[in-house]
Every structure is written in C-alpha cells, then in structure tokens.
Amino acid sequence: MLILTRKLGENIRIGDKIKVTILDIKGGQVKLGIDAPPHVAVHREEIYERIREENRRASGGGQPSGRNGAVPVRTRIPRQNGKRGRKARRTQV
C-alpha cells in the first residue's frame, strides 16, 4: 500500500486519466473529488462489497462474469435501513 500525505486542495494522480483532489477536511472526515473516465467504476468500499455480493447471488454463487474479474456496475443502489440509496454523481471540474 502506498501512503501519501496531502493538504487541502492538493491532488493525487493515478495513471494519466485519474485525479483525486482533497476538497475538504472536517474533523475525522476527508472529502475527495475523483475525476475519472466514465468507464472507470468508482465506489465506496461498502457499496462495492454490496454490488459484488448481489452479483454473486444473481449468478448462482459463481464468480462475476466481467472481464478480468471486473464487477458489473448496477445503476441503482438498493435500500438500506429504510433509506433510499444515492447514486454517485459526476461533475465536471
């Protein structure tokens, strides 16, 4: 694992096409802006795990059918604790 230190407003580059910007720091939370091509799936860890589990169940318990072990992306996040899931939003920077 690569560990980096960044200040508010600074960036991290992943390859040529992905940029992560530190947008805000409040208490124990850091707000990140992620600029990535549309074909790159970006999820919070807990959402990624839910997607993987749903895909596993839907396929009968086998491995996801995406290329190179990629996880197919759902367009809606299922309800949790009675709350409707939020879609990730992409903005132009």
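Quick notes on this structure:
- Meets criteria (of a type outside the set (Ser, Thr, Tyr), outside any helix (DSSP H, G or I) and surrounded by fewer than 11 Cβ atoms within 10 Å (Cβ to Cβ)) for His43: no
- Unmet requirement for Ala36, which otherwise passes all of (1) at pLDDT below 70; (2) open to solvent by less than 60 Å² (accessible area, probe 1.4 Å): (1)
- Members of region 1-27 found to be without any contact (Cβ under 8 Å) to a residue 12 or more places away in the chain, assigned to a loop (DSSP other than H, G, I, E, B) and open to solvent by less than 90 Å² (accessible area, probe 1.4 Å), listed by number: Gly15, Gly27
- Residue in region 71-92 that is part of a loop (DSSP other than H, G, I, E, B), modelled with pLDDT of 90 or more, charged (D, E, K, R) and surrounded by 10 or more Cβ atoms within 10 Å (Cβ to Cβ) present: no
The values are calculated or read from the model by the stated rules, or taken from the named source; none is laboratory data. Quick caveat: nothing in here was measured; it's all calculated off a predicted structure. As a convention, Cβ positions derive from the backbone with ideal geometry for all residues, glycine included, and neighbour counts pool all protein chains shown. Note: accessible area is taken over every heavy atom of the protein model, side chains too, but ligands, DNA and RNA are not part of it. Shrake-Rupley method; radii C 1.70, N 1.55, O 1.52, S 1.80 Å.
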